[in-house]
Amino acid sequence: MQTLARAEAVAAGRAVPAATVRHTHLGERPVVLVPLTTAGEAGAPLGAMVGTDRDEPTLLVVPQPLDRELRFGFFAGLASVLLPVLAEYADDTEVEPATRNREETELCADAPQIVVPNTAALEYVRLVGRSTRFLRTVEDPDAPHPVPVPVPLLGRWLTHYAERARTPGSALLLALTSVLTRHWTTGQSAMEDQHLGALLAWIDPPAGLDGPAGAARAQTGRGPDGLLLSPPAGPATDPVFDNRVLAPALTRYDRARAAGDGPATAGAEAEVRRLVASQLRPTWDDVWRGLDLLRALPEGGHVAERWKRDRWSFTGHRDRVRAGEPPQPKRDDAVTAAQKLAGRETAQARLMAQEALDDPLAMAARRLGGEAFAGTVTGVEMAYSEGRRPMPRPLVTLATPDLPQAEPGAKAYRAVPGARSAQTAALVSVLPLDAGGAEDGAGEGPGPAWSVTVRLTGGMGSGRTPKEGSVPEPGAAVAFTLFEHDPRGGPALPEAELTPWTHGGPPGAATGAPGPADSPDPVTPEDYL
Amino acid sequence: MTQSAQPAARPEPPSAGLPDPGGFDPAAAAARATEAILADTLRGTARGVVVDSPPGAGKSTLVVRAARELAAAGEPLMIVAQTNAQVDDLADRLATADPELPVGRLHGSDSPPDPALRRHPSIAASTSVAELRDRPVVIATAAKWAYVRDTEPWRHAIVDEAYQMRSDALLQVAGLFERALFVGDPGQLDPFSVVGAEQWAGLSWDPSASAVVTLLAHNPDLPQHRLPVSWRLPATAAPLVSRAFYPYTPFCSGTGPGERRLAFGVKGDGGGLDRVLDEAAESGWGLLELPPRHTPRTDPEAVRAVARLVRRLLERGGTTWSAPGPGPAPLTASRIAVGTAHRDQAAAVRAALAEAGVDGVAVDTANRLQGREFDVTVVLHPLSGRPDATAFHLETGRLCVLASRHRHACLVVCRAGVPELLDEHPSSEPVRLGVTVKFPDGWEANHAVLAHLAEHRIRWTL
């Protein structure tokens, strides 16, 4: 399907829709964060635009990225923008009623959403979180390089957001290119789709250009000054910009600072700020344009349910911070890692199922893959289960163009309007439809080719006659899936203190020397080269 | 296939320990290995024993024997297998080998055991472990064991197919036993996860790694054994499979050259299909090479070629002689399997076979053929017709599973040009700190197999 869509996009000269609804939650006031880093120095920020107001971004710039003090100042600036937003949402709560497994709980009414341009920027957020959450602050008299007080807290939040972003279907921290490519398919490669400017040119070509031309202009078009018309969305910068423009400006700043010339330093700093802003602003505007494009799509039916899980995640971390728990550890222990993986696998299965149920295009892919089938009911034959209390087990036959890839007896599921859970059924038989039936659909795509019979096994109430509306009538259009609609997680894992011997025993129980990953690298002669 | 396609700096597998075919008694070697394993399991002091078993080396036999001896010693035993089919198969073998031994078959409420097990009065099935606790042997899937809570740990456990078990699955069940025998085939498909797990790569408890990798990372001193003889693979196949997939732990075939024979009642008509069948009957391997072409995954020509090959195989009335078994046996559809890389390919082959009027041949993906055995296999090569070679298609285990299911002959259907494709796609998986590099890599194993198959190649056009 993707390959076909890409070919169609190439033929049409612009992106084709890959979804009929929006599968991602978009907050009312997302925080957009566009970071830039310094070439050649991993993790050293050069600047960022951040904020919730598209017309008034907060610009943060490090005039000399190699200066540690200035770098901490940047993190403090980022914290002063983000932490108030986080605090605001953290205090706005509602009460979640008690359920069978849970007492009445407080849940944040909404959670702040952070949007970055691409996955590289998302990785950078993770890196900033990792590098700042353990830093010691000015409150600690022994810290050799103290940082402003809110920085480690910022690191903890960014770490939480970046970690949550690994859960399929979560929307706390979004990489815009990933969201856009979920909803549109372009005629370029997945690698090229990581370029936000080019991706937007395919989806919404600029006036007078088609997708490929717009993308080419966004990727390589340079103005008379040799700079890219559309600067890269970061976090890496354009080398030409670095060499021709930024480096001289940084040199001027260094020189003025070394000379102790206050006004000249301020002037040079303003110049660096102007230059960095010139690189950030186009991406900033692109991010908002991408969000506008996404907002034009109607929200999918299950998006709110997934966002609620994000709100739980946000609330959970808020509680951990308030309870004074230490920052997230450097590495997950065995139980945490297994828990996270299991949770993400469930989330992935749930996301796939929900997207298919919300979106006929997503369902089409599953139908093509033989994981679902849809068609018209051709016959209903009432039958009952054997046993002391016979239950209705009607046989439903439908004519469908889809060939389900499953053996008879396989479980099938059907979404019934108004029902809380999917109706279960068992596949009985799959027979080729005789040629006579197929002619009805001739001319308008492939007609039904298979006659599939299923036995409904649930969702019909507990009486001897099925609940009204729970058994489809002949002529009704129905769709069955061979995947569960609401997959559940597996069994609980042992407590961390009960980590078995096969996995090294409980964490912290020093069974011997610390693992190789915990001890610093030995000093070798090469270290002194 | 030229020598130049081989990587220049190919590490030479050590020849030490390679069984000498002349004057070597495979049965005695296998018996020695088994005795050593049982000694460590029954009387050893280590908490775990790891057994590496190449394809068809009598892994199940070992599990049954160890289970019986542990039960005889009065040690309560739990057995962990990975799928319900494996559990049913093991329970069946246990009950057949020892009808007096009470076996508990623990199962989920959604997955009742195979009705065929009812013929064994010694097997009791239940969804509740409490009802089975008094039985000397209780057997279930890892997924079912993970739900077992609040019970006294078992003295012993046997973990079957441990290399296909994920580390997090072991984490869930390891609290249930004190000591365990881990048995598995390191050459088969690794466990996988549908979501990325790179963030834990390099950690000794990476939840997506194989259970044995985690176990050995934390307990490097555990005794490790291996079974040295493959009873399934014929003398024609064991050397290639051993060299290509187990370069550092060689094994040999339990049968000598010529002891296994395959012959056809109907003489070949000289066509391509018959020539490749004759070649495979003669040498154990046959490559049916279609003209080079980039195709969709369900390459219609290749699928038709597979179906016609299988039909011809049945039409010609094959007979097999399996030493040391008695007399000849007819080669029936149930003794033939078709292996593919993808599920849609398997579905396409199934449909083509149904159209050709062939019934009863097992058609499945490598993942699902793992652990099964047939007389003749027909393999649709994972790289056939592909424009690229991804990590999925290059995975060593996939090819190893497909090339090691047969007792007599393996027929491969493939489009020409795969060696060139391999050369254009050297493996480029990132190297991660702390992760043990697995040898051999799929790229090299693919080349080794193709080089061997090239000697048994018949070109054919539909």
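Structure notes:
- For the stretch B:286-440, the dipole from Cβ point charges (+1 on Lys and Arg, -1 on Asp and Glu) about the Cα centre works out to 360 debye, to the nearest 20.
- Approximate spin-label separation B:R297-A:S80, in nm, with each point projected 7 Å along Cα-to-Cβ: 5.4
- Per-peptide packing, taken as the mean over residues of other Cβ atoms within 10 Å, places B:93-102, A:231-240 in the sequence A:231-240, B:93-102 from highest down.
- Taking each DSSP H run with n ≥ 4 as -39500 (n - 2.57) and averaging over every residue of chain B yields -9500 deg cm²/dmol at 222 nm.
- Note: relative contact order over the stretch A:1-151, using C-alpha pairs below 8 Å and six or more positions apart, is 18 percent.
- Given charges at Cβ of Lys, Arg, Asp, Glu: chain A dipole, positive-most of A:L127, A:L172, A:P360: A:P360
- Acute angle (nearest 10 degrees) that the helix B:59-72 long axis makes with the longest principal axis of chain B, alpha-carbon atoms: 10
- Relative to the dominant Cα principal axis of chain A, helix A:151-164 is inclined by about 30°.
- Computed E for A:K467/B:Q199 - FRET, C-beta separation, R0 60 angstrom, nearest 0.05: 0.80
- When peptides B:405-418, A:165-178, B:121-134 are ranked by their average number of other Cβ atoms within 10 Å per residue, the highest-first order is B:405-418, A:165-178, B:121-134.
- Distance from the alpha carbon centroid of the stretch B:137-163 to that of the stretch A:278-317 works out to 44 angstrom.
- Chain B, relative contact order in percent, only Cα pairs under 8 angstrom and at least six apart counted: 17
- Placing dummy labels 7 Å off each Cα toward the beta-carbon, the span from B:D359 to B:A72 is 4.5 nm.
- Computed FRET value (nearest 0.05) for A:A476 with A:K308, which takes r as the C-beta separation and R₀ as 35 Å: 0.65
- Separation between Cα centres of the stretch B:359-424 and the stretch B:41-107, rounded to whole Å: 30
- Peptide-level mean, for B:197-207, of C-beta atoms on other protein chains within 10 Å: 6
- Charge dipole magnitude, Cβ of K and R +1, D and E -1 - chain A, Cα centre, debye nearest 20: 560
- A Förster radius of 60 Å combined with the Cβ-Cβ distance from B:D269 to B:T96 puts the calculated FRET efficiency at roughly 0.90.
- Per-peptide packing, taken as the mean over residues of other Cβ atoms within 10 Å, places B:257-267, A:89-99 in the sequence B:257-267, A:89-99 from highest down.
- Computed per residue of chain A from DSSP H runs no shorter than four, each worth -39500 (n - 2.57), the mean residue ellipticity at 222 nm is -12000 deg cm²/dmol.
- Judged by the gyration tensor of its Cα atoms, with axes a ≥ b ≥ c, the stretch A:172-239 is oblate; a/c meets the 1.5 cut and b/c is at least as large as a/b.
- The stretch A:115-232 shape via C-alpha gyration tensor axes, a/c threshold 1.5: oblate
- Considering only the protein assembly as shown, percent of DSSP beta bridges that pair antiparallel, nearest 5: 50
- Peptide B:342-349 - average C-beta neighbours from other chains (10 Å radius): 2
- Label-to-label distance for A:L498 and B:E282 is 6.4 nm, based on points extended 7 Å past Cα in the beta-carbon direction.
- Of the residues B:D206, B:D423, the one with the fewest other Cβ atoms within 10 Å heads the list, and the complete ranking is B:D423, B:D206.
- Within 10 Å of each Cβ in A:326-338, the average number of Cβ atoms from other chains: 4
- Relative contact order, whole percent, for the stretch B:74-149 stands at 45, derived from Cα pairs under 8 Å and 6 or more residues apart.
- Rounded, prolate or oblate (a/c below 1.5 giving rounded, otherwise prolate when a/b exceeds b/c) for the stretch B:157-207 by Cα gyration tensor: oblate
- The angle between the Cα long axis of helix A:68-91 and the longest principal axis of the Cα atoms of chain A comes to about 40 degrees, rounded to the nearest 10.
- Straight-distance candidates among the lysines for linking to A:K467, with alpha-carbon spacing under 22 Å and chain neighbours fewer than 8 residues away dropped: A:K411.
- Charged-residue dipole, Cβ positions (Lys, Arg, Asp, Glu), the stretch A:1-130 about Cα centre, Debye nearest 20: 800
- Fully extending the segment from A:V428 to A:T99, taken as 0.36 nm per residue of separation minus the present Cα-Cα distance, adds 114.7 nm.
- Cα principal axis extents for the protein assembly as shown, largest first, Å: 101, 76, 65
FYI, it's all coordinate maths here, none of it is from the lab. Computed from a predicted model, the values in this text were never measured in an experiment. Note: ideal-geometry Cβ built from the backbone for every residue, glycine included; neighbour counts use all protein chains shown.
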